[in-house]
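Each remark here refers to the structure printed beneath this line.
Bear in mind that the values in this text are calculations on the coordinates, not laboratory data. Predicted, not measured: the structure shown is a model, and the values here were computed from it. Backbone-built Cβ (ideal geometry, glycine too); neighbour counts: all protein chains shown.
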Amino acid sequence: MPSDWQSFLASRDARIVGGVVSDFGDPGAERMATAEGSVVADLSQYGVLAVAGADARAFLHGQLSCDVEGLVDGGAVYGAYCTAKGRVLASVLVWSDAGSFFLLLPRAIAAGVRKRLQQYVLRSKVVLDERSNALAVLGLAGSAAAHAVAGVAGGAPQGPLEIARSDGIAAIALGGDRFLMLADAARAPGVWDRLAATLTPVGAPCWEWLEIASGRPWITAPTQDQFVPQMANLEVLGAVNFRKGCYPGQEIVARTQYLGTPKRRLHLAHVESDAAPAPGAALVADGAGEQSAGMVVNAAPAPGGGYDLLAVVQTAAAAGTVRLGASGGPALRFRALPYAVP
């Protein structure tokens, strides 16, 4: 998080830990406001990569699992960046603006993803740039969010993954009364104050809880190179286009789709635990000793206490009791995802 933006948020009562807004003084009340009201959150845990140049569209189309060739200004698409073995290195949100493309992904892995992409530019006319400090990323949610977006961006995007733009501000509709807003760093303080006049400021964990409740995983450093897209339900979420040409891992991803059923899938669950489940934490099934039955992908404090999480779990194990960490650990209570999984 840039120091001037951090200082501004601190002046608005933000408590910042490790470059991320933990809360604004009352985490419990903020979680309840997230569940029941309308909120705004700083999302400095996310970074932005910019991809520009005459060959930017073709380059990204050949690197990501989504359809970049068909992406138009005013729209966004989820995608995955995979290894040659089809394992996900990053889950991304991609959009275009005036011939350039932007990738939203966890800030902690942004530099590594940029470096890896750079290796494949070769003679293509492509310029990769990390814009994480040049843009403020905000999350808005709740029944009042669309009106707040319209007041700042001149209008609110209507359908999921549609974009509204106005003078250095972009708002992306995520569905379910949720929006991402990106503002140039110089404009961010004014934008924040206008949004906070009608929306309750909350910490980043509140937004993470909303992402978990939506069943949308974000791959972070501990879970890189662990799953093919289908294990993380990314194809269900529209992040994989099976009609496009080659990209790293495409053959394995296609084979998984058409020649078999994934033995592991992403699940939504709740756990009562003294400590937050960490991404990459092991899960074990009763009766299977300490053999791994899955892995935590994302977790966040739940409004009613405990933690909600997304985890990739063996399908057979999910029918029984699965525990966090070890055979004596707390049991997961599985919940229905807000979408159907094959």
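Which whole-number percent is the relative contact order of the range 263-335 (Cα, under 8 Å, 6+ apart)?
Details: 178 pairs, mean separation 30.7, N = 73.
In percent, rounded to a whole number, it is 42.
If you scale each eigenvalue of the Cα gyration tensor by 5 and take the root, what three semi-axes come out for the range 1-90, rounded to whole angstrom and sorted largest first? It would help to have the intermediate numbers written out before the result.
Working: eigenvalues 244, 53, 41 Å².
Square roots of five times the eigenvalues give 35, 16, 14 Å.
Amide H contacts of G74 (H built 1.01 Å from N, in plane; Pro and chain starts excluded): S96 sit under 5 Å, all sequence-distant by 5 or more or on other chains.
Against the 2.2 N^0.38 Å scaling, with N counting residues, where does the range 162-278 land? I'd like the Cα-based Rg ratio to two decimal places. Mind dumping the intermediate values first?
Values: Rg = 18.4 Å, N = 117, 2.2 N^0.38 = 13.4 Å.
Relative to the 2.2 N^0.38 Å estimate, the range 162-278 comes out at 1.37.
Ordering I172, G305, S65 by Cα displacement along the dipole of the chain toward the positive end leaves S65 in first place; charges were set at the Cβ atoms of Lys, Arg (+1) and Asp, Glu (-1). Distances between placed amide hydrogens fall under 5 Å for G47 paired with L105, R107, all partners being 5 or more residues away or on another chain. By the equivalent-ellipsoid construction on the alpha carbon gyration tensor, the range 263-335 comes out with semi-axes of 18, 12, 10 Å, ordered largest to smallest.
Please compute the contact order of the chain in relative form: average sequence separation of alpha-carbon pairs under 8 Å and at least six residues apart, divided by the residue count, as a percent. The value is 19 percent. Pairs of C-alpha atoms in the range 198-337 farther apart than 25 Å represent 29 percent of all such pairs. The simple spin-label model puts a point 7 Å past each Cα toward its Cβ; for A278 and D129 those points are separated by 3.7 nm. Between L259 and Q119, the FRET efficiency estimated from the beta carbon spacing at R0 = 41 angstrom works out to 0.85. Residue exposure proxy: T261, T321, ordered by other Cβ atoms within 10 angstrom of their Cβ from fewest to most, comes out as T261, T321.
Provide the net charge surrounding A204, with neighbours chosen by a C-beta distance below 13 Å and charges set as Lys +1, Arg +1, Asp -1, Glu -1. Please report the intermediate quantities before stating the final value.
On the way: positive: R15, R31, R107; negative: D23, E30, D42, E208, E211.
Here the count lands on -2.
In order along the range 70-81, the phi-based Karplus estimate (6.51 cos²θ - 1.76 cosθ + 1.60, θ = phi - 60°) of 3J(HN,Hα) comes to x, 7, 10, 4, x, x, 9, 8, 7, x, 9, 10 Hz; Gly and Pro are listed as x. Here is the P(r) of the chain: all C-alpha pair distances, binned every 10 Å from 0, give 6, 26, 34, 25, 9, 1 in whole percents.
Scale the Cα Rg of the range 106-210 by the rule-of-thumb value 2.2 N^0.38 Å and send over the ratio, two decimals.
Here the answer is 1.21, to two decimals.
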